[in-house]
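Visitor: Handing you this structure, nothing more for now.
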Amino acid sequence: MRRRVEKNLREMEELKRARDARLAAREDMEMMQRDADRKSHAEWSSKEAEFQLQQAKVSLPVRSRIRIEQNRAKPIDLLSRYIQFGDEKKEDDEEKPDDEFELENPLEYLKGLSQDEYEDLVEDIKIYRSLDGDRHSEYWSDVRCVVDDELRKIRDDKGRLGTSIHGSVQQDVDKIFRGKTVDELCQLEKTIVNKVNAGGTGTDISYWEGLLIHLKVYVAKTRLKELHQKMLRLKLAKIREEQMKEVGKLEPQTHVRPPTKVKRALSDNEEEDLERKVQRKIDLDELEAPELDDEQKEMRWKQLSHEQLESATLELYERGGYSPTYQSMKDTMPGIEILDEEADMKDMLQRRQQNKKQPAGTTKLEAEMLAIARKGMESDEATFSVEQPLEAQTHLWSDKYRPRKPTYLNRVQTGFDWNKYNQTHYDMDNPPPKIVQGYKFNIFYPDLLDPTITPSFTVTPCDDPDFAVLRFKAGPPYEDIAFKCVNREWEVSHKHGYKCQFQNGVFQLWFVFKRYRYRR
C-alpha cells in the first residue's frame, strides 16, 4: 500500500514538472512572438511616419498656395512663403517660391492673433520644422520663441499674473538691449546664465530669470530683423538682375570689337580737362529731341558718364516740379491698363478690408450700432449674410439721395433636435446633424430721412416650401433687403427670446422656431 502511494506521488511530481515545462515553453513562444510583433510594428510605424512626411511635403505647399491665392492665408502660410524666398536650390520649377509678393517683416505676421490662432501656429511650426529639417531650423526656432512669448502674455493677462520684470523698469531693460547685435546679446545671455547659476546672497533670481526670458525673445526678434534685411537685399539683387537682362535685350547686337585703350598716368592738366568734360552741362533738349526714335535716345543716354547721368536726371526731376512728367496715352505700351487714381484707391481699400475680414472704416454712430448688434453672441450662433435678390426698385427720391443697401450683422442659431428618432439612432459621441433653430437680424438705418417711421418686415413664400423670403423695408434713402430663411413657425413670446424693436438706428428682429413635442 505504501509503495503504491509513493508511486502515485512520483507520478504526480513528474506530471507537475512536465506541465511547468510546457507552460515555460509556451511563455517563451509568446514572448518571442511579441518581440517579433513589436519589431514589425516599429518598422510599420516608421514607414507610416515616413509616408506621412512625404505626403505632407507634397500637400502642404499646395494647400498653402491655394489659401494665399484665395486671400485666406494663415500665418504659417506667409511665414513659409517668406523663408522659401531665399532658397536657391529647388528640384522642380513648380516648387520655386513666388517672388511676386511684398516682402514684409515676419514679425508682422505674428501680431494681433488670438490665443487659439497662436496655439494652432505652434503646431504648424512643429510640422514645418520637421519638414525642413536643419535647413531653416534657426528661423523656425526664432518664430517659435516669439509665438511662445505672445502666448505667455495672453495667458498672464487672463490669469492676471504679472511678469518677473516690473513695468516701471521695462523701458530701462529695453534700453539695455536696444542697439546691440546678436553676438553681443548672446554674450549678455551667457553672463546672465552664469549669474543665475552662481546664485549668491542678495541675488534676485526671479528677476534675472525673467530678464533671461525677455532677452531670449529679444535675440529672436533681432535675428529675424537681420534676416529680413538680408531678404530685402536679396530681392533687390534679383530685381537688378532682371533689369539688367531687360536692358541687355534692348542693346543693339554688334560684333565690332571696341578699340583697345592704353592706360597711362594722366598729368594734372589732363585730369582737370577730363573733369571739366565729365562735368559739362548736358543739353536735355538734344537728348530728348522729338525727331529721334527710342533706340537713338537710349544710345545717347548710355553714352553719358555716371556724373552726367546724375546731373541730367536731377535736372529732369526739377523741371517736372519734383514729380514725374505726364505722358501721352499714345505712348503707353500695348497691354498696359491705365487706371484712374481715385478708382484704384477705392478698389484697393475695398480689397484690403475684404482680406482683413473686418468692416470698413465706420463712423462713431455706426461703431455703436455694431457694438449693439454684437452683444450676446453665443457659441451655437454663426454669422448669416446670404441675401435674396430682389426685383429692380425705382424710387422717387433717387434723384436727390443716392439709394443704397443698408448694412447688417445677422446671425443664425443652430443646434441638435433630440427627437425620438434622433435619440434612438444617435448619441452624444455621434450626434445628429445640426438644424437651424432661429435667426437674429440686425439691420442698420442710421440716415433715415424720416426717423419716426419704424422699419417693417414681411414674410413671403418662395418656390421651395421649406424656405421663405424675409424682406425688410424702411424707406429712403435705403433700398429693401431680403434674406432666404427656413420656413417654420416662430416663437413670438418674449420669454423665448423674441425681439422686434427699432432703437438707436438699429432694427432688431430676433426669433427662434417652435419645437413640437410628440404626445400620445
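Visitor: Of everything in region 400-439 that's hydroxyl-bearing (S, T, Y) and within 14 Å of F472 (Cβ to Cβ), which residue is modelled with the highest pLDDT?
Guide: Y439
Visitor: Could you grab me the full set of residues in region 284-321 that are assigned to a loop (DSSP other than H, G, I, E, B), over 22 Å from M244 (Cα atoms) and at pLDDT 70 or above? Can you show your working first?
Guide: Just the residues of region 284-321 that are assigned to a loop (DSSP other than H, G, I, E, B), to begin with: 288-293, 303-305, 320-321.
Keeping just the survivors that are over 22 Å from M244 (Cα atoms) gives 288-292, 320-321.
Matches in region 284-321: E288, A289, P290, E291, L292.
Visitor: Only one residue in I154, I192, I165 is modelled with pLDDT of 80 or more and of a type in the set (A, V, I, L, M, F, W, C), so which one is that? So that I can check it myself, show each step before the final result.
Guide: Details: I192 fails: modelled with pLDDT of 80 or more; I165 fails: modelled with pLDDT of 80 or more.
Being modelled with pLDDT of 80 or more and of a type in the set (A, V, I, L, M, F, W, C) holds for just one of I154, I192, I165, which is I154.
Visitor: From the list D98, D28, D37, which residue is assigned to a loop (DSSP other than H, G, I, E, B) and either outside the structural domain of R233 (by TED's automatic domain parsing) or modelled with pLDDT of 75 or more (or both)? Working first, answer last.
Guide: On the way: D28 fails: assigned to a loop (DSSP other than H, G, I, E, B); D37 fails: assigned to a loop (DSSP other than H, G, I, E, B).
Answer to the selection: D98.
Visitor: Restrict the check to region 216-238 and report whether at least one residue is surrounded by 10 or more Cβ atoms within 10 Å (Cβ to Cβ), at pLDDT 55 or above, charged (D, E, K, R) and under 30 Å from D293 (Cβ atoms).
Guide: no
Visitor: Same structure again: Just a yes or no: is a residue in region 81-91 at pLDDT 85 or above and either assigned to a loop (DSSP other than H, G, I, E, B) or over 18 Å from H136 (Cβ atoms) (or both)?
Guide: No, the conditions are met nowhere in region 81-91.
Visitor: Go through region 463-510 and count every residue that is touching a strand residue (DSSP E or B) at 6+ places or on another chain (Cβ under 8 Å) and surrounded by 13 or more Cβ atoms within 10 Å (Cβ to Cβ).
Guide: First, pick out the residues of region 463-510 that are touching a strand residue (DSSP E or B) at 6+ places or on another chain (Cβ under 8 Å): 466-474, 477-492, 496-502, 505-510.
Adding the requirement that they be surrounded by 13 or more Cβ atoms within 10 Å (Cβ to Cβ) leaves 467-474, 477-488, 490-491, 496-498, 500, 502, 505-510.
Counting residues in region 463-510 that are touching a strand residue (DSSP E or B) at 6+ places or on another chain (Cβ under 8 Å) and surrounded by 13 or more Cβ atoms within 10 Å (Cβ to Cβ) gives 33.
One line per residue, one yes/no per condition, for (1) within 26 Å of V506 (Cβ to Cβ); (2) at pLDDT below 90; (3) of a type in the set (G, A, S):
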| residue | (1), (2), (3) |
| --- | --- |
| Q388 | yes, yes, no |
| Q393 | yes, yes, no |
| S398 | yes, yes, yes |
| F441 | yes, no, no |
| P446 | yes, yes, no |
| L470 | yes, no, no |
| K473 | yes, no, no |
| P477 | yes, yes, no |
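Visitor: Give me a count of the residues in region 484-520 that are under 19 Å from T414 (Cβ atoms), part of a loop (DSSP other than H, G, I, E, B) and under 41 Å from the mean Cα position of the chain (by Cα).
Guide: Looking only at that region, the number is 4.
Visitor: If I ask for residues that are part of a loop (DSSP other than H, G, I, E, B) and hydrophobic (A, V, I, L, M, F, W, C), which ones from region 414-467 would you list?
Guide: Looking only at region 414-467, we keep the residues that are part of a loop (DSSP other than H, G, I, E, B), and these are 416-419, 426-434, 445-455, 462-466.
Result: F416, W418, M428, L448, L449, I453, C462.
The values are calculated or read from the model by the stated rules, or taken from the named source; none is laboratory data. These numbers come from a predicted model, not from an experiment. Here Cβ is always computed from backbone atoms with ideal geometry, including for glycine, and neighbour counts include all displayed protein chains.
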